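To start, the structure under review is shown below, and the notes come after it.
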Amino acid sequence: MSFQELKLKFLTMDFGFDIENSSSPYIQLLKVATLIPISHYLLGFSLIFLTFLYNFLEFHFFQDFFSGFQGQPVLLTFDSCSQLYKEVASKCQILHGRYLATPWLSSPHFQTVFLSFYGRAPSLRYKRELFITPDGGTIALDWAMNQDAGMQVNGEIHTDDTEPVVVMVPGLTSDSDAAYVKHFAFKIVKRRWKVVVSNHRGLGGISITSDCFYNGGWTEDIRTVVKHIHQRYPEAPLFVVGTSLGANIVVKYLGEEGANIPISGAAAVCSPYDLLISDRFLNRGVVQKFYDKVLTLGLKDFAQLHQPVLSRLADWDSIMKSRTVRDFDNYATRIVGKFETVDTFYRRCSSSSYVCNVMVPLLCINSVDDPVCTKESIPWDECRTNKNIILSTTEHGGHLAYFEGMDATNLWWVRAVDEFLGILQSSKLMHKPKEVEMSPQISPLKSSIDQSPFLNVVEHGLITAVASEPTDAEVVQNEHAVSNNQVEACAISSSGNEPTTIAEVVHNEYGISSNQDEYTSPDIEMDVHMTDKPNSPDSIVEPLKSDTSSHASVPVMKYLYQLSRHTRKSFWLLAYIALVTSLPFVGSALQYLSRKKLKSVQKR
């Protein structure tokens, strides 16, 4: 039945009064409405829906279009008497320019999602250093390798001891493999500086080796890492860059340390600043609740990787039932961090209370339309009254995205931070690194994996040590060698008293762990080289050493190691049991073959 037939049938229906001759204005409007084609109704509803969607997803394409795609100016907030602005920020052309988002990503949500799923990350390779903290935790320090216009140069890290070093702290559940991390590291390496990504505990394929987990206010790791790097390169300017939750950690660390810090400058990108306000924001709107769900799923995946430790320290059943970030923090983060309530955790870990105490040059970058970190938490007044801080805010950009150009291959904040650090490094305002007390020398382990600060991962999950530069050998030995007693104290298993060497931990991270998926990063340089037998009989370095020429044996070693971890028996005991239990089968097979051969001889 056509639309016109439906209209005639409706008009001829008996409603108890004469519709055709009725003078009611509503009836007349209804008659007129029936004369409009249904295609026009569909078009109208489509326009209304698109308008709603345009505003709901916060598109700004027409705003950019009517402004001639010139972008919006960057707003700078700083102390009017700030020497930092006069000497550094005033010379930054990017901070005094405009930011124009990629036209086909003219939405903070599109930018943020595009960064998470695609990112357009450049090709970058790392060398990994496993750093053991005083409390026994393990941190993966990924050093970006030399690149020249996207091409690898000698496959080595810069060796100049006076060359600036940039330490990057990623955001929540992010590691060195994140797209925005690679964008930034690639940019800094092209400047011919050293850049190292300090992965959070339990991330980057590293297991939790202590009862400490990272959180938004955990500054002990970055403090220890900075001290460690400063000891290795005492003459090099040291910069720290934090992103998202990592930015909150960096700002809090700077505020806690004040002037007594070996940092020459820093940058904080898309920091939440006030975790309590950010928590309220994530539970406010429909879109924000979606981000809250996504973040919660990421946290639960992180928890599942480290279930043996976390289930012992927190409420595991409630963690798995968490539906928001606040729930996860209530059942896991708060308990492990020993905070009374979730709000207490948020207040104590917020960096907004430490902004006034920052004593080193700091660039803060935030987007007003950030869908994760609300603009309400930005400490405008605190930044305005601190002469050491330049706050840069843009109208658009999303969360850590800031894509620009038609091909969306560049991130605006990466260029801005790179320019700021470059000008700061050559300015008179370079914060002089303070002398840091050197840690006492400790005897090295015998294993080459434990002696060498750098690790490579081959495509089948094998771990190999890479020797340090000859000029830095003594310093590296002092910094990375750990005594046998300290290793056993730091790496006690959460389920018992099983000692674990660093070599075991390394193999546990990269594809031989019983509770993690196989981790074979394509961005780690491949190199097979094993030396020196480790001290511990539980280590599997020696078996791997003898079979490095045969890749076929790697899966067998993997499963044997898993079996040894489950049963808490030594590798050699398992090998003995396997040999003894296989003898009857071998004997039967030999007897069968001998009988078969004897029959063939008799036939002849």
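The values are calculated or read from the model by the stated rules, or taken from the named source; none is laboratory data. Just so you know, these numbers come straight off a predicted model, no measurement behind them. Note: ideal-geometry Cβ built from the backbone for every residue, glycine included; neighbour counts use all protein chains shown. When the accessible area is computed, the model is the full protein with side chains, heavy atoms only, and any ligands, DNA or RNA have been set aside. Shrake-Rupley method; radii C 1.70, N 1.55, O 1.52, S 1.80 Å.
Looking only at region 335-386, which residues are basic (Lys, Arg) and either modelled with pLDDT of 95 or more or crowded, with 17+ Cβ neighbours inside 10 Å (or both)?
ARG347, ARG348, LYS375, ARG384
Mind listing whichever residues of region 225-255 are farther than 24 Å from GLN425 by Cβ and out of contact with any helix residue (DSSP H, G or I) (no Cβ under 6 Å at 6 or more places or on another chain)?
Answer for region 225-255, where residues must be farther than 24 Å from GLN425 by Cβ and out of contact with any helix residue (DSSP H, G or I) (no Cβ under 6 Å at 6 or more places or on another chain): SER244, LEU245.
Inspect all residues belonging to region 256-264 and state whether any of them is in a loop (DSSP other than H, G, I, E, B), open to solvent by less than 20 Å² (accessible area, probe 1.4 Å) and closer than 22 Å to PHE302 by Cβ.
Checking region 256-264: not a single residue is in a loop (DSSP other than H, G, I, E, B), open to solvent by less than 20 Å² (accessible area, probe 1.4 Å) and closer than 22 Å to PHE302 by Cβ.
What number of residues in region 372-429 are free of Cβ contacts under 8 Å to residues at least 40 places away in the same chain and within 19 Å of PRO361 (Cβ to Cβ)?
Residues flagged as free of Cβ contacts under 8 Å to residues at least 40 places away in the same chain and within 19 Å of PRO361 (Cβ to Cβ) within region 372-429 amount to 2.
Check off (1) out of contact with any helix residue (DSSP H, G or I) (no Cβ under 8 Å at 6 or more places or on another chain); (2) modelled with pLDDT of 95 or more for GLY265 and give me the number that stays unchecked.
(1)
Kindly provide the set of residues from region 270-284 that are open to solvent by 50 Å² or more (accessible area, probe 1.4 Å) and within 17 Å of ARG323 (Cβ to Cβ), ordered by number.
Listed by number, the residues that qualify are ARG280, ASN283, ARG284.
Of all residues in region 63-75, which are surrounded by 17 or more Cβ atoms within 10 Å (Cβ to Cβ) and at negative phi?
The answer is ASP64, GLN72, VAL74.
Return the residue satisfying two criteria in turn: it lies in region 100-124 and is among the aromatic types (Phe, Trp, Tyr) and crowded, with 18+ Cβ neighbours inside 10 Å, and of such residues it is nearest to the chain's Cα centre (by Cα).
Looking at residues that are among the aromatic types (Phe, Trp, Tyr) and crowded, with 18+ Cβ neighbours inside 10 Å, I get PHE114.
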